[in-house]
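As structure tokens, the structure follows; a few thoughts come after it.
Just so it is clear, none of the values below were taken in a lab; they were calculated from the coordinates. What you see is a predicted model; the values in this text were computed from it and never measured. Reconstructed Cβ throughout: ideal geometry from the backbone, glycine too, with neighbour counts over all protein chains shown.
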Amino acid sequence: MIQKTNAAKTGIHKTRLAAALNTTKMDDKTSSIGGISNFDVNNRFRYYQQLVKASPYVSVPLNKLGLMLSKGMNADSKKKAQLKEFEFWRKKSNLNEQTSTIGRLLCRDGTIIGKPAGDETHFSLYPSLMPYTSVLPEGVKPNEKPKDVMQAPMASVVLNEGTKTQELIDPAELVIGSLNQWDYVQEDILSRETFGLYGSSLLDPLELSIRNLLNVNKGYVSFVKRYGMGRYHYDHVLLEKLVESEIITTDTAAELHDEWLEDNKNLSENEDISAIGLKINPIDAKGSLDVMGFKESLETEIQLGLFQSPLTMGKASGTTYASGYLVEEDRLVVLEGLQKITENITQDFVNRWLLSRGKQEDSIEIKFEELSKIKLTASEVQEMFNTGVIERDEFRKWGGFYLVVGEDSA
């Protein structure tokens, strides 16, 4: 959404909210997670960036999400010459990549604030670095910390608030988009409580799962580093019997045991042990926690929170494309809501380009390809019907012009 106005100019009634004392706080605020140091747990926008960088189970889904939300971008206009000019600018400015960036940052930060600038050929949207960006409502000046919750609508955007390079920008000059901005009270970079000024990041409910995954990975690596992939218990049964029969003393048995350990301390992998009167028992993890199961559950939580699935993350072995697409259909329908928000933000950016060229707003309409539209070949539809994935009515519907099924067909 675009926020260009404020309460004073529009006459919007604004209810003051007292400080939200019930906002949740993180108990573990350590800056070291899973062997990685210097996490910034105070600036949530920088924290989001660091969490994404820390694990491919976060970075890969976010990259996929950005590309998916900008999938199949098309432009339409009644003026063919203007459309041709747009397509030229689209290629020169790499608009497709800029659009995927809009979708990715929107999901990561919950908010994207970008400044459109450039010449007629390389007109681009430059996203603000959110760890240094503040959004202020009417009546709040930079560096102020009001007792009440700061709430929408926004009146100004501040870059580098509280520093010598502080810059105040009118929101009307920016392209601004947000995701679920009314879900809950959030803190800005100066720990001021806000409501309706920032969108909700998809990483917020996943933070604990990401932290746990990093810690599990680090713990498992530490275990392997300490004990190796295999541990053994050496039971010197012959020495035990000799001591019991008083043939040798315990001191002699200890000396023989130490001598054996010294001879075998550098045993390499794939080398066998051959000994008389010696039992070798591997030490396994029976009765301990299922680390891999817990790790996979955390990975699944993160994937679901970023609108991915085992199929999209390459874990659907034995699943055909056709049947897998059916499983994905509901997820894609939900993603189309996110796609529409990305489309609206992109349209606003394109309108800024049109205005910079002296053209009329919305004279070029941006549309993205429908994500839930199923694309199947005739053989895939036939396979789905033969294996019972779809019923006859669905077979007729999806088969379309590929296949015609008679009433008495099997």
List the pairs from LYS78/LYS115; LYS29/LYS53; LYS80/LYS340; LYS53/LYS141; LYS79/LYS367 whose alpha-carbon separation is above 23 Å, in the order I gave them. LYS78/LYS115; LYS80/LYS340; LYS53/LYS141
For labels at LEU168 and ALA378 in the simple 7 Å Cα→Cβ model, what's the distance in nm? 6.9
Determine the shape class of segment 104-216: with a ≥ b ≥ c the square roots of the Cα gyration tensor eigenvalues, call it rounded for a/c under 1.5, and otherwise prolate if a/b is greater than b/c, oblate otherwise. oblate
Can you compute the equivalent ellipsoid semi-axes for segment 147-267, i.e. the square root of 5 times each eigenvalue of the Cα gyration tensor, sorted largest first and rounded to whole Å? 70, 16, 13
Gained length - GLU240 relative to ASN63, 0.36 nm times residue gap less alpha-carbon distance: 57.5 nm
Using θ = phi - 60° and the Karplus relation 6.51 cos²θ - 1.76 cosθ + 1.60, list the HN-Hα couplings for segment 67-73 in order, rounded to whole Hz, with x at every Gly or Pro. 5, 5, 5, 9, 5, x, 6
HN-Hα couplings for segment 195-200 via Karplus (6.51, -1.76, 1.60; θ = phi - 60°), in whole Hz with x for Gly/Pro, come out as 9, x, 9, 10, x, 9
